[in-house]
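The values are calculated or read from the model by the stated rules, or taken from the named source; none is laboratory data. Remember, predicted model here, so these are calculated numbers, not experimental data. For neighbour counting, all protein chains shown are included, and Cβ atoms are generated from backbone atoms with ideal geometry for every residue, glycine included. Accessible surface areas use protein heavy atoms only, side chains included; no ligands, DNA or RNA. Shrake-Rupley method; radii C 1.70, N 1.55, O 1.52, S 1.80 Å.
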There are 2 protein chains.
Amino acid sequence: MKLAKQFFLVVLCIASLSLPAFAADPLPSWNDTASKKAIVAFVERVTKESSLDFVPPVERIATFDQDGTLWAEQPMYFQFFFILDRVKALAPQHPEWKEKEPFASLLKGDVKGALTGGERAMLEIVMATHAGMTTEEFAQTVKDWIATARHPKTKRPYTEMVYQPMLELLTYLRANGFKTYIVSGGGIEFMRPWTEKVYGIPPEQVIGSSIKTKFELRDGKPVLVRLPEINFIDDKEGKPVAINQHIGRRPIAAFGNSDGDLQMLQWTTAGSGARFALLVHHTDAEREWAYDRASSIGRLDKALDEAQSKGWTVVDMKTDWKIIFPSELPK
Amino acid sequence: MKLAKQFFLVVLCIASLSLPAFAADPLPSWNDTASKKAIVAFVERVTKESSLDFVPPVERIATFDQDGTLWAEQPMYFQFFFILDRVKALAPQHPEWKEKEPFASLLKGDVKGALTGGERAMLEIVMATHAGMTTEEFAQTVKDWIATARHPKTKRPYTEMVYQPMLELLTYLRANGFKTYIVSGGGIEFMRPWTEKVYGIPPEQVIGSSIKTKFELRDGKPVLVRLPEINFIDDKEGKPVAINQHIGRRPIAAFGNSDGDLQMLQWTTAGSGARFALLVHHTDAEREWAYDRASSIGRLDKALDEAQSKGWTVVDMKTDWKIIFPSELPK
């Protein structure tokens, strides 16, 4: 009798706790177009216990590219603005940079000139700004920068250049038992200091490119020192490799916006059972940016063809999203 | 009024749901010695909201070595028994092994002879048995092996050679909001196929040594192929590096048994706030094995000195553990 009463209370409690989740539209910034319908249909298919495609919560892994998928990436990847600011901040300690490429060009504001040195120049810039300090020092530098830096066009903090519809999608998936991951070509340590606050994604669910680190005892205190040596590039073929290394499970849903995400979407959809793949197509020059096959940043070409032939969901930003950025939300 | 009633139901429900967790001793296979008291005191310190040392659940990260900490490691690391069985299974496809070291010695059962070739021989054996197949094929091989192989001394499956007190500790920590990780020198893909079932630790919380993998399309189907090239050795200085790479947070508690875990314990305890470090000292030749400073497997020497000077908890298996293996539990 006592047990029955307890059981009844628990059922009541679960029922009353769950109600709010179903009361409102979980994706209010999405228009009621095919993309939204496809997302909701997929989530219902894999979460209804009576569904043939039911997936237990532990296997509900969803992976998201970041640049161009969760936040904007124009006029260039935001991490590159961080790099530029770091070069300027570090210049007084490096008087030789005034004469030395690629730094001399960067300090004059000539990014294009700096990058004529190709991959080697890029690597030199990354290492000069990302290596040589401890992991804790670097995290603090990132935190300070992300709290103060502003996007050159909108003058808003970069953390407000995130896509409101994608924030809602992350929340919706987590409310349905999904574990959401970032799988980005960006630096893993550049993202982790702030992704939990901005996306609700904790450090252990952030995967990215990395440089090597080395354990050292400094005056008896252990530190991890960031070395000027690439560890892993988390792009294209690297994304499934990194997913396997970090997660050890194949995602059932993957979200990207460029050819750099193609292999992640292929890997995700090749698993058995229900699978979902989505590409954000930047089609809105007025509210955001419009670019695809010809863009050097976030090029979407092969993946767009494959999405069409395989029936992946392609978000048309202009027609599928009511608003783009959180700043457009009614106050 | 309705809201008040709902709130009351929720409180009642939470209270009734939480009661069982506190009803019984969560560590019944531990004697009431200093080790058990230290564990419980630490968990209470970091979980009581009124405590000065309270740690929010998201930061309750606990990392566990595997070999010698969660399961036995004598007379040699269990993964090496897997390797031996694989060499035997693959021998018919490699007639040249009959004449070729280190395989010739292994096939005669002469492990010591095979390893006179040192690190190079070891690497050759690992690559011959761990590389050249897809990740899915390898996972299946591991699953088949772990389901059928038996320990040479006890004749029990390796998954029953786990320490009952440590299983209870894992459960106790998780019941108190901890996220439990394995951080092992063993192969990451050798552990993941079965750690969830045996330890309740899902693949994404397993960190280990790894070889490189490569993404490939085979007849249009994406696969990850395991390459004969070391990616990362998750031992000694490698453990804090891997923890940072995979988790991106410093653990607040770490558990090991050998000098291979020393840096993980140093890294863990060097953080601010309450920290906990524990070493399992193998002192029970009768019920398990007794070894420490002179052992080639699981050598515990420097870490034992440091535990003593720093006041880390050292489990004396013989006196601290009522039983060692789950098979000793009353039926």
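Data table
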| item | result |
| --- | --- |
| Degrees, to the nearest 10: B:118-130 long Cα axis against longest axis of chain B | 80 |
| Alpha carbon centroid spacing (whole Å) that separates the stretch B:237-253 from the stretch B:18-91 | 17 |
| Dipole magnitude of chain A, debye to nearest 20 (Cβ charges: Lys/Arg +1, Asp/Glu -1, about Cα centre) | 740 |
| 5 angstrom amide H check on B:Gly185, placed H, neighbours 5+ away | B:Gln66, B:Asp67 |
| Separation of the B:Lys331 and A:Lys212 label points, Cα + 7 Å toward Cβ, nm | 5.5 |
| Largest-first principal axis extents, alpha carbons of the stretch B:196-291, Å | 54, 40, 26 |
| Principal-axis tilt of helix A:188-199 within chain A, Cα atoms, nearest 10 degrees | 40 |
| Convex hull volume per residue for the stretch B:41-93, taking Cα atoms only, in Å³ | 98 |
| Separation between Cα centres of the stretch B:254-280 and the stretch B:175-191, rounded to whole Å | 15 |
| Largest-first ordering by accessible area, 1.4 Å probe, given options B:Trp145, A:Trp289, A:Trp71 | A:Trp289, B:Trp145, A:Trp71 |
| Computed over the stretch B:161-203, the ratio Rg/Rh where both radii use C-alpha atoms and Rh is Kirkwood | 0.96 |
| When the stretch A:47-206 is reduced to its Cα atoms, the Kirkwood hydrodynamic radius in Å | 17.6 |
| Exposure rank, largest accessible area first [A:Thr148, A:Thr141; 1.4 Å] | A:Thr148, A:Thr141 |
| A:Ile125 accessible area, assembled protein chains, probe 1.4 Å, Å² | 0 |
| Contact order relative to length of the stretch A:273-331, as percent, for alpha carbon pairs under 8 angstrom and 6 or more apart | 38 |
| Rounded accessible area of B:Phe215 (nearest 10 Å², 1.4 Å probe) | 20 |
| Estimated vicinal HN-Hα couplings, Hz - the stretch A:61-71 in sequence order (Karplus 6.51, -1.76, 1.60; Gly, Pro = x) | 9, 10, 10, 10, 4, 9, 4, x, 10, 9, 9 |
| Calculated label separations, A:Arg293, copies of the chain, 7 Å along the beta-carbon direction, nm | 7.4 |
| For the stretch B:280-331: rounded, prolate or oblate by the Cα gyration tensor [a/c cutoff 1.5] | oblate |
| Nm distances between copies for A:Glu168, ranked from closest, using label points 7 Å along Cα→Cβ | 5.1 |
| 10 Å Cβ neighbours from other chains, averaged over peptide B:246-252 | 5 |
| Karplus-derived 3J(HN,Hα), 6.51/-1.76/1.60, for each residue of the stretch A:278-286, Hz, glycine and proline x | 9, 10, 8, 9, 7, 10, 10, 5, 7 |
| Calculated label separations, A:Gln308, copies of the chain, 7 Å along the beta-carbon direction, nm | 7.4 |
| Per-bin percent of Cα-Cα distances, chain B [10 Å] | 5, 23, 32, 22, 12, 5, 1, 0, 0 |
| Segment B:Ala175-B:Asp316, extension gain: residue separation times 0.36 nm, minus the distance between their alpha carbons | 48.3 nm |
| Reciprocal mean inverse distance between Cα atoms of the protein assembly as shown - Kirkwood radius, Å | 27.4 |
